[in-house]
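This report concerns only the one structure given below.
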Amino acid sequence: MRLKDKVAVITGSTKGMGKATALLFAKEGAKLVINSRSEEKKEDSVTELIKKTGGEAIFVKADITKSKEVEHLFKETIDAFGTVDILINNAGAHNPKDFFKLTFEDWEKILHTNLIGTFLCSQRAAKIMLDHKSGRIINIASVRGLPHCARPGNMDYSASKAGVINFTKSLAKKLAPNIQVNAVAPGPTDTPMSTWTEADLKNTSLGRLLQPEEIAKVSLFLAAEAPPSLTGEVIVVDGGYNLK
């Protein structure tokens, strides 16, 4: 098992890519902290599913845009498992709108969830990781955060993910050499938040949506196998979307 007894906090992990990543990490022996800003649904509980298959997991309800709730998230983690080895900043929001219809509140919500939440969780996790001089932080960005993949219909989202990418690089420099910080930038992926169109799919080499499990495997590589020299990088996983 590549992550045996490693403690992994995954924000926004009750569905989509976060859920797929949590289940994969559990299979590899990690102790999981499942998170959402709302309670888990009993009929679709990631935490219970992990426990039923012999893994260890707790669920912590916390809104990662609020510093006090982030403190609560990590306090519960320490109380349950004693440390944090891996943080995956997966929680995100997406609300595509025409530029002239965007409001300040729209921008604020997207930036708070995608960028400020990533900062708050990274700051808290890094303090814990520095105590034992090791750790891995993985930020889920998006190809929409890359200059050549930006689109006019989701400027707030693109801006937030571009911020995540540059935050990743800055944080990697700050926390080197003992803590690795990288980002994964998925392309068209089949998630509940997906708004990819048929035209987008035609612009991929695969001609289909990626599955959350495919993105999870890249996060697993970064968490378990990536050499110490791999830090501050953005791993693009887009089915060839960038090639078009």
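Quick notes on this one:
- Estimated translational diffusion coefficient (Stokes-Einstein, Kirkwood radius over Cα pairs, 20 °C, 1.002 mPa s) of region 165-244: 156 µm² per second.
- Taking the Cα centre of region 1-156 as origin and assigning +1 to Lys and Arg Cβ atoms and -1 to Asp and Glu Cβ atoms, the resulting dipole is close to 360 debye.
- 3J(HN,Hα) along region 41-58, derived from phi through the Karplus expression 6.51 cos²θ - 1.76 cosθ + 1.60 where θ = phi - 60°, amounts to 7, 4, 6, 9, 7, 5, 4, 5, 5, 5, 5, 5, 9, x, x, 10, 7, 10 Hz, with x in place of Gly and Pro.
- The reciprocal of the average 1/r between distinct C-alpha atoms defines the Kirkwood hydrodynamic radius, which for region 1-104 equals 14.2 Å.
- Axis of helix 212-224 versus longest Cα principal axis of the chain: the two differ by about 50°, to the nearest ten degrees.
- Taking the DSSP beta bridges with both ends in the chain, the antiparallel portion is around 0 percent.
- Estimated Rh, the chain: Kirkwood, alpha-carbon pairs, angstrom: 17.9 Å
- Helical content alone sets the calculated 222 nm signal of the chain at -12000 deg cm²/dmol, taking -39,500 (n - 2.57) per DSSP H segment of four or more residues and averaging over every residue.
- Of all aspartates and glutamates in the structure, those lying under 19 Å Cα to Cα from K173, and not within fewer than 8 positions of it along the same chain, are D85, D131, E233.
- For region 150-196, average projected area of the Cα convex hull in nm²: 4.0 nm²
- Rg/Rh (Cα only; Kirkwood hydrodynamic radius) as it applies to region 72-172: 1.05
- Between region 218-238 and region 54-94, the Cα center-to-center distance that results, in Å: 21 Å
Where a number appears in this text, it was derived from the coordinates with a stated rule and is not lab data. Values in this document were obtained by computation on a predicted structure and should not be read as measured data. Quick reminder, even Gly has a Cβ in these numbers, built from the backbone with ideal geometry, and neighbours come from all protein chains shown.
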